[in-house]
Amino acid sequence: MIRNGHGAASAAGLKGPGDQRIVRVWCDGCYDMVHYGHSNQLRQARAMGDYLIVGVHTDEEIAKHKGPPVFTQEERYKMVQAIKWVDEVVPAAPYVTTLETLDKHNCDFCVHGNDITLTVDGRDTYEEVKQAGRYRECKRTQGVSTTDLVGRMLLVTKAHHSSQEMSSEYREYADSFGKCPGGQSPWTGVSQFLQTSQKIIQFASGKEPQPGETVIYVAGAFDLFHIGHVDFLQEVHKLAKRPYIIAGLHFDQEVNRYKGKNYPIMNLHERTLSVLACRYVSEVVIGAPYSVTAELLNHFKVDLVCHGKTEIVPDRDGSDPYQEPKRRGIFYQIDSGSDLTTDLIVQRIIKNRLEYEARNQKKEAKELAFLEATKQQEAPPGGEID
């Protein structure tokens, strides 16, 4: 059990003055290749109560019911722990959610998105808690899925970048990736993400730096926000007693200039939400300049500028992008202790390409069978369903 330090009152089931009982909420899942869709589900779940506990399945359980996970269970536990709405993580949570699990962790109810999760034999994993009236639903985030992200890596297209037209090749992929011969499930398909100001407001902390806080600036692509990023930000967070971390995210075209291929895998809007969901980040600069300028440092009253151990690519004119913070003596290179990069994640996916495509086809076939069975049950006696 991993707690995120929100105090003994939360863990014990008490809340503030008067010892009023708090509402404890349970979520569970694979949380493999965590993206802002997962974070948004956890944000909504946390808003339904006072204390959020998240159960994460083991590699063995996921392989049995769904197919091979991209990340190890240890990596997945750590990723979920880094999401700012999570109060506690329960490792090795059972794949099927039972009343016994909810009672064991003193949870009032569990929350899941309005999609379906099925066992290896095609059963709804939330059947028991639904029947007991201890199930709540939240809205699934449109326009992002692990299926889509995997497809972007495999297809090597730039169609997902901001201001890029969707190519016919990508459209064809979006219509067919992992699709089983029997049709398309509404949950495993691919749709396009539409950023709104409301979504950014929901994810942002809205807090300005306070007197006595150390303003730390970090910049990069933060593509496919992963454990390497979390480890780096955690180390940066330790540099001050009261840190206020601002993450500068580069435009898609800028990232493509220094990373090449079809990077970034996630466009700027998607990367913004992924970074805002991290508990160590206070603010995000959307479309930050590649070179850390005097104007930027003065505007945000930056005390420290940090970069990891990855290579620093010169700016377009050949200059060092960290020239100004180095001149001021406020530049620090941080060793996160992690060697995981976005490149390595993409390599993991490509290595297991056939397995992932088979996994998606199998998953979609189960979902379609479940939908068909549900329709049959809902059909009026002796009648047809429209």
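The values are calculated or read from the model by the stated rules, or taken from the named source; none is laboratory data. Just so it is clear, the structure is predicted and the values come from calculations on it, not from any experiment. Virtual Cβ from ideal backbone geometry, glycine too; neighbours counted across all protein chains shown. Surface accessibility is based on the protein's heavy atoms, side chains included, excluding ligands, DNA and RNA. Shrake-Rupley method; radii C 1.70, N 1.55, O 1.52, S 1.80 Å.
Highest mean packing first, where packing is the average number of other Cβ atoms within 10 Å per residue, the peptides 50-59, 105-114 line up as 50-59, 105-114. The P(r) of region 197-333 has a tail past 20 Å containing 44 percent of all C-alpha pairs. For the peptides 261-269, 317-325, 63-71, 199-207, residues were scored by their other Cβ atoms within 10 Å and the scores averaged per peptide; the highest-first order is 261-269, 63-71, 317-325, 199-207. Counting heavy atoms of the protein chains alone, K139 has an accessible area of about 150 Å² for a 1.4 Å probe.
To the nearest 10, the accessible area of R242 is 110 Å² with a 1.4 Å probe. Legend: residue pairs K259/K326; K84/K259; K241/K301; K78/K139; K84/K139, Cα-Cα distance threshold 21 Å; pairs beyond threshold, K259/K326; K84/K259; K78/K139.
In region 197-333, the portion of solvent-accessible area held by carbon and sulfur atoms comes to 51 percent [1.4 Å probe, whole percent, DNA, RNA and ligands not counted]. Amide H contacts for V284 (H built 1.01 Å from N in the peptide plane; partners 5 or more residues away or on another chain; cut-off under 5 Å): A247. Remark: region 197-333 carries a charge dipole of roughly 260 debye about the Cα centre, counting +1 on each Lys and Arg Cβ and -1 on each Asp and Glu Cβ. When the Cα positions of L99, G49, Y77 are compared along the charge dipole of region 24-137, G49 comes out farthest toward the positive end, with charges on each C-beta of Lys, Arg, Asp and Glu. Could you tell me whether region 97-146 comes out rounded, prolate or oblate from its Cα gyration tensor? Rule is a ≥ b ≥ c as square roots of the eigenvalues, rounded for a/c under 1.5, then prolate if a/b exceeds b/c, otherwise oblate. Cα axes put region 97-146 in the oblate bin.
One Cα centroid belongs to region 202-278, the other to region 291-346; the line between them spans 12 Å. Reported value for region 24-137: 91 Å³ per residue, from the convex hull of its C-alpha atoms.
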